[in-house]
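This report refers to the structure that appears directly beneath it.
Computed from the coordinates by the stated procedures, all read-outs in this text should not be read as laboratory data. Being a predicted model, the structure only gives us computed values, none of them experimental. Every residue, glycine as well, gets a Cβ built from its backbone with ideal geometry; the counts of neighbours run over all protein chains shown.
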Amino acid sequence: MDIGLIISVILVIVMIVFILKVIKKVIVAVIYVVLLVIVFTGIVGYLAYSDMVRIDDSKPYLLLLNDRGDIIAGNLVYGPMNYSSLDAMELTEINKLYQEDGIGSILETASRAFIIDSSILDSEDSLEFQGYGLSNNQILQVLRSQSPYGLLLATISSHDNSKNITEELLNQEYGDDVTNLKGTLFAGMWFNYVGKHPVESISAFKEGKIEIHPRTMAVRLADTLPASIGYIKNMISKLLEIKNVNI
């Protein structure tokens, strides 16, 4: 056999082996990079979610509902399911500041402010109120109403025992200021949402539907995440299983 041909075959084999080794290293490197990106994204997403549900013992945080540009309900949150609803005067003042883009000035009485766009709560998720199951869609209609007591009673009138609740009873429990009732319903929807939809809450933040003031380090890092993070759902879910987050 021609020596030159043998040498050529050997060189081709050596080159193929070399190329395969390079390709293998590149594939391994790419896999490591992808894994690092996924882990980073999952951890940052988890930190941002934890920041959303974190409670500051020294100061309450403001929880506000933005409906088509207007703040229609709000609460001062002191702890898990421990909150007080803002009254009509406070909501009017906060709404004015929000329209003027001066939300920072209201943080004198609160550690943080969360402004939630009503569109993320507009779903078929349900909330139990006085023993009656109401969908978020129904509750949002009540929150938008100028006569929430009447609309709420009309909404639950289909229940067999709805006669147990009257407008007089609602007035006795929540008072003449309807913002108390609205704040209670909004808080229930929000706590349900962040408890059931941790990944979706990060997506909503990325889409600008959850505003967080001031911007913590976790919030700034979350800004580096891609707009669509559905692919890390399992990663965040696993992280949430490792550490129970109180909401």
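Here are the numbers for the structure shown:
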{"read-out": "Rounded to the nearest 20 debye, dipole of the stretch 61-214 from Cβ charges on Lys, Arg, Asp, Glu", "value": "300 debye"}
{"read-out": "Taking the C-alpha atoms of the stretch 61-214, convex hull volume expressed per residue in Å³", "value": "110 Å³"}
{"read-out": "Ranked packing of 198-207, 144-153, most packed first, by mean Cβ within 10 Å", "value": "198-207, 144-153"}
{"read-out": "Rough spin-label spacing in nm, given labels placed 7 Å along Cα→Cβ, for Leu20 and Gln141", "value": "6.8 nm"}
{"read-out": "Set Lys25/Lys196; Lys182/Lys206; Lys25/Lys206; Lys21/Lys206; Lys24/Lys196 screened for pairs whose C-alpha atoms are more than 32 Å apart", "value": "Lys25/Lys196; Lys25/Lys206; Lys21/Lys206; Lys24/Lys196"}
